[in-house]
Amino acid sequence: MESCFSLPLLLSITFFISISLHYLFRKLKTHGHLNIPSVKNSPRNAPLPPGSTGWPFIGETFQYLSMARKGLPEKFIGDRRDKYSTKVFKTSLLGEPMAILCTAEGNKFVFSNENKLVHSWWPQSVEKIFPHSKNGLTTKEESKKLREFLPAFLKPDSLRKYVGVMDQLAKKHLSRYWDDREEVKVHCLMRKYTFTLGCKLLLNIDDRELIDRLEGPFSKITAGFISLPINVPGTKFNRAIRASRELHKDIKEQMQIANEKGPEELLTWGDIKRMRYSWNVVNEVLRLSPPLQGTFREAITDFTYEGFLIPKGWKIHWNAYSTHKNPEYFPDPERFDPSRHEGDGPLPYSFVPFGGGPRMCPGMEYARLEILTFLHNLVTKFRWEKVFPDEKIIIDPIPLPARGLPIRLHPHKIQNS
C-alpha cells in the first residue's frame, strides 16, 4: 500500500486541487496599513503578546519564508511558542504587526469570532495582484456575493452529478499523459489535470489550447500570493500582477452560462461514499502538508486573548502547522498514520486544512470528489516508485516537491477472463 499512497504524490494531487479552487472560487479583499493603537488606550490596559517584530517593514518575513522553503514551516512557530511559553506571540510579517495563535483553541477563537472581533484580511500583494471588479462591485462585495452562491453549488447533493465527469476526465488525462511512459513528473501533470477539470466544471471551457494559455500565468500568480509587495521587474510580485491581468482578461471573455449536460456516469456517488480509507489517507497527507499554511484576519476592535491585548488594526495569523505538527494533538507527528482520522478523528480545530467557521473553504467537498476519483483511476491503472525516494516538500510560498516528483510507472497487467 505504501507505493500506492506515497505522501508527495497525494500532496501534489491535493495541493493543485485546493489552490485551483482558491483562485477560481473567490477574489480576496485586503486593506492598507493601519496605525497600531497605544496600549494605554485599551480599557483593560493589558500587555501585548511576547515576541519580536524584527526589522522595520521586513519584520520576520524572511525567517518565516526561509523555514517554509526548507520544508520546515512548523519550526518558525514552534521555536517561538517554546521560547515564550505562551499560546500567542507577536511578530511582524509582510510589513504588518501580527499576532500568531498557536493552538486548537486559538483556531476555534479565530473561526468563531468572524465579523465579531476579526474579519478576513490578505496582504497588500494579493490586493494588487487581483484586478478590481468592473461591474460596480468592490472586490469585497464581489467576494461576498461569490461565497453566498458557492455553498449551494458545491454542496454534496449538487456535486453528485459531477462524479461521472470527473471520472471520465481522469481516465482521459491518464490515457493522454501517463500511458506508454516509463517515467512522468507528477507535479506538472497534476497542475494540468486539476486546472483542466476546474476550467471544465466552473467555466465550461473545453478548448485545450485556451486552457494551456490560461494555465501559463496561473503559477506566476500563486507564486506572488505571499510576497513582499515590491513591484519591481523580475520579482515574483511583479510577475504575478502581470500574469493576473492576462488571466483575468482571458477568463472574462469566456465566462458564459452553459447547458449542464454531463457524459454517461462512470463512478457513482455511492462508490465515493465507500472510499473511507482512501479519504483517511488523503486527510493524513493534508495534515502533514496542508495546501496552504493558513490565512489572516484583522482585528476590528481591541480585544484580549490569553491575557494579552490584540489592538484594533493588528493582523492575526492562524497556521495549520501550529497544530498539525504539534505532538500535543498528534503524537509522533512526523509518522504517517491514516488511522488518526478514524472514528471521531482528531481533536476539534486541531486539523484545519480547509480552515473553519464561516470562512471554511467552500470547495472542500469538491476537492474530496476530485481527489478520490483521480486516485481510483490512478491506483487501478498503475503502481509506481519515486525516482528520488527522499525528495523533500518545500513551501515557496505553497507546497511543492523540490524536484517535481518524478516517478517510474508500472502498469498493472490486464488479466484475461
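The values are calculated or read from the model by the stated rules, or taken from the named source; none is laboratory data. Keep in mind that what you see is a predicted model, and the values were worked out from it rather than measured. Using ideal geometry, Cβ is built from the backbone for each residue, glycine included, and neighbour counts are taken over all protein chains shown. Note: areas computed on protein heavy atoms with side chains; ligands, DNA, RNA excluded. Shrake-Rupley method; radii C 1.70, N 1.55, O 1.52, S 1.80 Å.
Observations on the structure shown:
- Cβ-Cβ under 6 Å pairs, at least 6 apart or on other chains, the range 275-295 side among the β-branched types (Val, Ile, Thr), far side at pLDDT 90 or above and buried (at least 23 other Cβ atoms within 10 Å of the Cβ): 282/371
- Test: residue in the range 281-299 that is surrounded by fewer than 16 Cβ atoms within 10 Å (Cβ to Cβ), in a loop (DSSP other than H, G, I, E, B) and modelled with pLDDT of 80 or more: no
- Residue match in the range 392-409 (condition: open to solvent by 70 Å² or more (accessible area, probe 1.4 Å), in contact with a Gly (Cβ under 9 Å, 6 or more places away or on another chain) and on the phi > 0 side of the Ramachandran plot): no
- All positions within the range 59-78 that are within 15 Å of residue 402 (Cα to Cα) and charged (D, E, K, R): 69, 70
- Among the residues of the range 67-95, those that are within 22 Å of the chain's Cα centre (by Cα) and charged (D, E, K, R) comprise 69, 70, 74, 75.
- Number of residues in the range 194-206 that are of a type outside the set (S, T, N, Q), open to solvent by 10 Å² or more (accessible area, probe 1.4 Å) and under 18 Å from residue 378 (Cα atoms) equals 0.
- Candidate set from the range 362-387 (those that are part of a loop (DSSP other than H, G, I, E, B) and within 25 Å of residue 321 (Cα to Cα)); member that is most open to solvent (accessible area, probe 1.4 Å): 362
- Among the strands (runs of 3 or more DSSP E) confined to the range 81-123, the ones with at least 2 residues that are closer than 18 Å to residue 55 by Cα are located at 88-93, 96-101.
- Subset of the range 183-211 [farther than 24 Å from residue 393 by Cβ and either within 22 Å of the chain's Cα centre (by Cα) or at pLDDT 90 or above (or both)]: 199, 200, 201, 202, 203, 211
- Answer residue from the range 314-348, given it is in a loop (DSSP other than H, G, I, E, B) and in contact with an Asp or Glu (Cβ under 7 Å, 6 or more places away or on another chain) and is nearest to residue 398 (Cα to Cα) among those: 325
- Residue pairs meeting the criteria (Cβ under 7 Å; at least 6 apart or on separate chains; first in contact (Cβ under 8 Å) with a residue 24 or more places away in the chain and of a type in the set (Lys, Arg), in the range 320-347; second in a loop (DSSP other than H, G, I, E, B) and open to solvent by less than 80 Å² (accessible area, probe 1.4 Å)): 325/333; 340/330; 340/346
- Condition met for residue 359 (open to solvent by 30 Å² or more (accessible area, probe 1.4 Å), modelled with pLDDT under 90 and out of contact with any Lys or Arg (no Cβ under 9 Å at 6 or more places or on another chain)): no
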